[in-house]
Amino acid sequence: MIAAESPIETLKFFVNGQWVESPGSRLHPITNPATGRPIARVPYATKDDVDRAVRAAHEAFLKWRKVPVVDRVQVLYRYKDLLEKHAEELARTLTTENGKTLEDARAEIRRAIQMVEVSCGMPSLMMGQSLENVASGIDCQTIRQSLGVCAGITPFNFPAMVPSWMYPFAIACGNSFVLKPSEKVPLTPTRMAELLDQAGLPAGVFNLVHGDKESVDALLGHALVRAVSFVGSTPIAKYIYENAAKNGKRVQALGGAKNHLVVMPDAELDKSVDAIMASAFGAAGERCLAGSVLVAVGEVAQPLVDLLLEKARGLRVGDGSEADTQMGPLVTAAHRQRVEGYIEKGVAEGARTVCDGRELSGTFSRERRADGDGYFLGPTIFDHVSPLMTIAREEIFGPVLSVIRVKDLDGAIELVNSSAFGNTTSIFTSSGKTAREYTSRIEVGMVGVNVGVAAPMAFFPFSGWKQSFFGDLHAHGRDAIAFYTEQKVIMSRWF
Ligand code: NAD
């Protein structure tokens, strides 16, 4: 909690087309992870705040669902234009609150815009099927109808993109929406809500509340919420899945990850290592698709580790808003401490540290750390990690890469398939046969071949498996249309 007299901006909720304050809510500071300085304060919604947002959304839904889909998407076309116009400003806001580099932030805004673009295709995407004369004189058709109030609960690592996996699709399908973004990064979603309002969305169709468990529980328990989309860590995803389902809601809950990058002896080493660096250390490892375990097959291990080390030592860590920074800070001091805890565990469990991020290679970052501000941590590489070690099994969500050496492809597949998670994996090889065998046998939902971060585009589903996903219908792609609509079958006979 922070003092009420602080001069920094206090954020508001967006409810029924108005920016509203909540007198009863607790205020929390938001800091710039690169400087440690406060940049805003965010109110945490109470149960009553959430109730007001959901009721407004329900009222708006009753009218919005009747607006023809061709007219609904006009708002999204205008929203896309506004996002394009403000893309740089949004990227800078995102870097300021999350810490990722401007380049990463710009790429994230691009991904968010692509979600809106795909949602603009809803007149075609929402179409049903029909068949005449299914029985003598009887025709059959399916139609897709909107559900009602949908809720979104999102994580800190993609404040623009992950909410965009949800509300553009939901709104285009004729639903209304209540977004509860991560309380750590509320500024980007706030600015995007302003732009959506400016695009002419009717009051109450989109609502924004901030908060923590209290606001999430209020959404899960609200009788007027029909569907819940969640993205975040596995324990919370499980909690959301169980509780939303118990309350009779449709739910998709995307969880955490432990992603393996497999390197075969025939891989193109230099290009593969560049892709591995970007996967493991891009966005400071705070991506659900970040490579976390490097599986070195056969004799590639030593040259792979040597080259990786050389590149990791040259990585420029610093303020993400500065042009030459390649890796920004972690999101909060508490999260850096958590990641450092994993590094300590790796050392204690006997992994060999070939690069220790706590020492921060690169003068740029050392200066920063000496200032005592910013939540910086350099890249860490552990070699000779065993599959049973904590760092090999648990999600770290920071710039830490663990190298496990295996004998052959079978050993790699067995190792990856033994993981509790199944979000993404990549194989680096120049053999089509090896790639084909890997993609076929691996029990993971998103697979890359010579691609470090196999993130599906907006028109494909984001398909995590195992403990990385709870539900049936995935985020974006055609799954999103199925998730945000109810299907109806109509049989007609005319006497
Ligand atoms: P988190 O689980 O801590 O928080 C996510 C959301 O849940 C936030 O909005 C938060 O306010 C809410 N929340 C937190 N604790 C809660 C509780 N006890 N009860 C109810 N709600 C609660 O996740 P995070 O730290 O913000 O984000 C990082 C995690 O998200 C990582 O595990 C990462 O792998 C995962 N993630 C997954 C995907 C994916 O597509 N599978 C994408 C991005 C991030």
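So here's what we get for this one:
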| read-out | value |
| --- | --- |
| Cα shape, the stretch 182-264, gyration tensor, a/c 1.5 rule | oblate |
| In degrees, nearest ten, helix 432-441 long axis to first principal axis of the chain (Cα) | 60 |
| MRE, 222 nm, helices only [DSSP H, n ≥ 4, -39500 (n - 2.57), over the chain, to nearest 500] | -11500 deg cm²/dmol |
| Cβ-Cβ FRET estimate between MET127 and ASN243, R0 fixed at 45 Å, reported to 0.05 | 0.85 |
| The stretch 259-449: antiparallel DSSP beta bridges as a percent of all, rounded to 5 | 10 |
| Top positive-direction residue, dipole computed over the chain with Cβ charges, set GLN198, SER430, ILE413 | GLN198 |
| Given charges at Cβ of Lys, Arg, Asp, Glu: the stretch 34-179 dipole, positive-most of SER130, THR142, ILE113 | ILE113 |
| Local electrostatic count at ILE427 - Lys and Arg +1, Asp and Glu -1, tallied over other residues with Cβ under 15 Å | -3 |
| Partner aspartates and glutamates for LYS249 [C-alpha distance under 16 Å; skip if fewer than 8 residues away on the same chain] | ASP217, ASP472, GLU486 |
| The stretch 208-344, dipole about Cα centre (Lys/Arg Cβ +1, Asp/Glu Cβ -1), debye to the nearest 20 | 860 |
| Environment charge of PRO168, counting only residues whose C-beta is closer than 11 Å and scoring Lys/Arg +1, Asp/Glu -1 | +1 |
| Test item: Cα-centred dipole of the stretch 1-144, Lys/Arg +1 and Asp/Glu -1 on Cβ, debye | 140 |
| Centroid-to-centroid separation of the stretch 426-487 and the stretch 147-162 [C-alpha atoms, Å] | 20 |
| Per-peptide average of other Cβ atoms within 10 Å, ordering 59-71, 128-140, 81-93, 287-299 highest first | 287-299, 81-93, 59-71, 128-140 |
| Nearest-20 debye value, the chain charge dipole, Cβ charges on Lys, Arg, Asp, Glu | 1240 |
| In order through the stretch 309-319: 3J(HN,Hα) via Karplus (6.51 cos²θ - 1.76 cosθ + 1.60), integer Hz, x for Gly, Pro | 4, 4, 6, 5, 5, x, 5, 8, 9, x, 5 |
| Calculated FRET value between ASP356 and SER233, using beta carbons and R₀ = 22 Å, to 0.05 | 0.30 |
| Cα-Cα P(r), the chain, percent of pairs per 10 Å interval | 4, 19, 28, 25, 15, 6, 1, 0, 0 |
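Since every read-out is calculated from the coordinates, none of them should be taken as a lab result. Remember, predicted model here, so these are calculated numbers, not experimental data. Reconstructed Cβ throughout: ideal geometry from the backbone, glycine too, with neighbour counts over all protein chains shown.
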